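Enquirer: This structure is in structure tokens; I'll ask about it shortly.
The values are calculated or read from the model by the stated rules, or taken from the named source; none is laboratory data. Only a predicted model underlies this, so the values are computations on that prediction, with no experimental measurement involved. Every residue, glycine among them, receives a Cβ derived from its backbone with ideal geometry; neighbour counts consider all protein chains shown. For the accessible areas, the whole protein counts, side chains as well, though only heavy atoms, and no ligand, DNA or RNA atoms are used. Shrake-Rupley method; radii C 1.70, N 1.55, O 1.52, S 1.80 Å.
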Amino acid sequence: MGRLIDGVWHDQWYDTKSTKGKYRREDARFRNWITSDGSAGPTGEAGFKAEAGRYHLYVSFACPWAHRALIFRKLKQLEDVVGLTVVHPHMLEHGWIFDTDSGVGDPVNGFDYLYQLYTTVMPRYTGRVTVPVLWDRQSRTIVNNESADIIRMFNSAFDGLTGNRLDFYPAALRGEIDAVNAFVYPNLNNGVYRAGFATTQTAYERGFNRVFKALDALEERLGCQRYLVADRVTESDWRLFTTLIRFDAVYYGHFKTNLRRIEDYTHLAPYVRDLYQVPGIKETVNLEHIKQHYFASQRTVNPTQIVPLGPALDYDRPHGRGDMPPPHEPPPPL
């Protein structure tokens, strides 16, 4: 765990003293977009045209933000179009590192540490070094390190190359998808971290209460319909899934969000299994990496670095949600 300051790596935990114990996530710094013709996207500069073999994705199996990008790379059949490197699950004194001992390492740049990608682009970079990172091999720069942007690029930018027209952000549903995302992100995706990384009782309780209020609202919504938006899987489901799949194994104990497990919910539990059983998704879930990362890396939260052997989780059990009728009324508001 650490950050770059003027291009120099420092092994440094998050500063919560200045925020009265509250955890605050830094915004992503690289926000360029890959488009079908290389034109500029919603943010950043133009020049990043969708081409096979040009781009490389750096991820951790442990990170829920990176997991989003892995899911979209799989569902959009981009394995032969966008390369992939997975970092070591432990994030210790050098941050994310490449697993050179296994012979994998960094096949693109030959780096030892992920932060070298950042300093290659900005030698005096200051900030956290995060995954996912979408790298342009041609211009040797970071295209984007914001997972929300990356999954939308993967959703459509390469369709002309792959012929895969699955659309998880359809125009007719974008307003509702954006509204659901705006609820899920602060309360759950980032909410579990607000509870788990808090350093005062007040900050922890505030994060804790938001997490379970949100889970209760989603439980009610998913009791009325199979997916979060309309009657189809959308971007919102995958953004929620990466938090829920980690909840019982990690967040419940490690982050002290222990009022209820996801397995204790009537609708959320089979919903997670429903998504997990979509072809290709279980290949993106590596619970061993997930547990190794959180319990062994986050020494401020778990000083002993002991990684628990449990819990026993079976996401291959029948989910029964395929029999749910399509929604006939607007879902309960979030």
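Enquirer: With a probe of 1.4 Å, find how much accessible area region 204-334 has per residue, and write the answer as a whole number in Å².
Expert: With all protein chains present, region 204-334 gives 45 Å² per residue.
Enquirer: If you don't mind, another one. With each pseudo-label sitting 7 Å past Cα toward Cβ, what's the Lys256-Asp112 distance in nm, one decimal?
Expert: Inter-label distance under the simple model: 3.7 nm.
Enquirer: Given the -39500 (n - 2.57) contribution per DSSP H run of 4+ residues, what per-residue ellipticity at 222 nm results for the chain, rounded to the nearest 500 deg cm²/dmol? Mind showing how you got there, number by number?
Expert: Working: 10 runs with 104 residues, N = 334.
Using -39500 (n - 2.57) per qualifying helix, the result is -9500 deg cm²/dmol.
Enquirer: Which one, Ala198, Phe255, Phe30, is farthest towards the positive end of the dipole of the chain when Lys and Arg carry +1 and Asp and Glu -1 on their Cβ?
Expert: Projecting each Cα onto the dipole axis, the largest value belongs to Ala198.
Enquirer: Would you compute, for the Cα atoms of region 1-124, the largest minus smallest coordinate along each principal axis and list the three values in descending order, in whole Å?
Expert: 46, 37, 29
Enquirer: List the residues whose amide H sits under 5 Å from the amide H of Val143, counting only those 5 or more places along or on another chain, with H placed 1.01 Å from N in the peptide plane.
Expert: Leu134, Trp135, Asp136
Enquirer: Taking θ as phi - 60°, what are the ³J(HN,Hα) couplings along region 288-294 by the Karplus curve (6.51, -1.76, 1.60), each to the nearest whole Hz, with x for Gly and Pro?
Expert: Working through the residues one at a time gives 5, 4, 4, 5, 4, 5, 5 Hz.
Enquirer: Along the principal axes of its C-alpha atoms, what lengths does the chain span, in descending order and rounded to whole Å?
Expert: 52, 49, 36
Enquirer: Over region 24-181, what is the percentage of antiparallel beta bridges among all DSSP beta bridges, to the nearest 5?
Expert: 65 percent
Enquirer: Could you go through region 176-190 in sequence order and give the Karplus-derived ³J(HN,Hα) for each residue, using 6.51 cos²θ - 1.76 cosθ + 1.60 with θ = phi - 60°, rounded to whole Hz, and x for Gly and Pro?
Expert: 6, 4, 4, 5, 5, 4, 5, 7, 6, 4, x, 8, 10, 3, 8
Enquirer: Taking the DSSP beta bridges in the chain as the whole, what percent of them are antiparallel, to the nearest 5?
Expert: 75 percent
Enquirer: By how many nm would the segment from Val307 to Glu45 grow when fully extended, if each residue of separation counts as 0.36 nm and the alpha-carbon distance is taken off?
Expert: Fully extending the segment from Val307 to Glu45 adds 90.0 nm.
Enquirer: Pull up all non-local amide H partners of Ile97: gap of 5 or more, or a different chain, and H-to-H distance under 5 Å with H placed in the peptide plane.
Expert: The list, which skips near neighbours in sequence, is His88, Leu114.
Enquirer: Next up: What is the Cα centroid distance between region 142-176 and region 319-334, reported in whole angstrom?
Expert: Between the Cα centre of region 142-176 and that of region 319-334, the gap is 25 Å.
Enquirer: Would you work out what percent of the accessible area of region 239-334, with all protein chains in place, is carbon or sulfur (probe 1.4 Å)?
Expert: The nonpolar share, carbon plus sulfur, comes to 53 percent.
Enquirer: Which number do you get for Rg(Cα) / (2.2 N^0.38 Å) in region 159-203?
Expert: 1.82
Enquirer: Here is a follow-up. Go through region 242-252 residue by residue and turn each phi into a ³J(HN,Hα) via Karplus (6.51, -1.76, 1.60, θ = phi - 60°); whole Hz please, and just put x for glycine and proline.
Expert: Coupling constants for region 242-252: 5, 7, 5, 5, 9, 5, 5, 6, 10, 5, 4 Hz.
Enquirer: Please work out, to two decimal places, the log10 of the ratio I(q)/I(0) at q = 0.14, 0.16, 0.18 Å⁻¹ from a Debye calculation in which every Cα of region 172-291 carries one identical scatterer.
Expert: After summing over all Cα pairs, the log10 values are -0.58, -0.75, -0.95.
Enquirer: Next up: Roughly how many whole Å is it from the C-alpha centroid of region 1-17 to that of region 78-130?
Expert: 17 Å
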